[in-house]
């Protein structure tokens, strides 16, 4: 099984995420960009909240809006936004 979505949606991943959530107060998943990938939305299903990171003067408005729409459609709770770069 080498497809990331299959791995992230597997019973083993669900078990791991459950064990981590039961053992720690805070679990942070570093995920790839939302645009065009299902990986992040799959990871979002294991989380209480999402922190969206965008790059100043690199992330265009349309991409950010699509990311927010994808999170909303996945019923993910948006904790906040971090803008990095200069």
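Quick note: the coordinates plus some simple rules give every number you see, no bench work behind them. Quantities reported herein were computed from a predicted structural model and do not represent experimental measurements. Neighbour counts run over all protein chains shown; Cβ positions are idealised from the backbone, glycine included.
Test of understanding: what is the full-extension gain from residue 37 to residue 5, defined as 0.36 nm times their sequence separation minus their Cα-Cα distance?
Answer, rounded to one decimal: 10.6 nm.
What is the extension gain from residue 81 to residue 14, computed as 0.36 nm multiplied by their sequence separation minus the C-alpha to C-alpha distance, in nm to one decimal?
Full extension from residue 81 to residue 14 adds 21.5 nm.
What is the angle, in °, between the Cα long axis of helix 61-73 and the longest principal axis of the Cα atoms in the chain? Nearest 10 is fine, range 0 to 90.
Computed tilt is about 30 degrees.
How large are Rg and Dmax for the chain when calculated on the C-alpha trace, in angstrom?
13.8, 41
Let's test the formula: R0 of 22 Å, r as the Cβ-Cβ distance of residue 56 and residue 28. What FRET efficiency results, to the nearest 0.05?
E between residue 56 and residue 28, to the nearest 0.05, is 0.50.
What 222 nm value per residue comes from the helices of the chain, counting each DSSP H run with n ≥ 4 as -39,500 (n - 2.57) and dividing by all residues, nearest 500 deg cm²/dmol?
-12500 deg cm²/dmol
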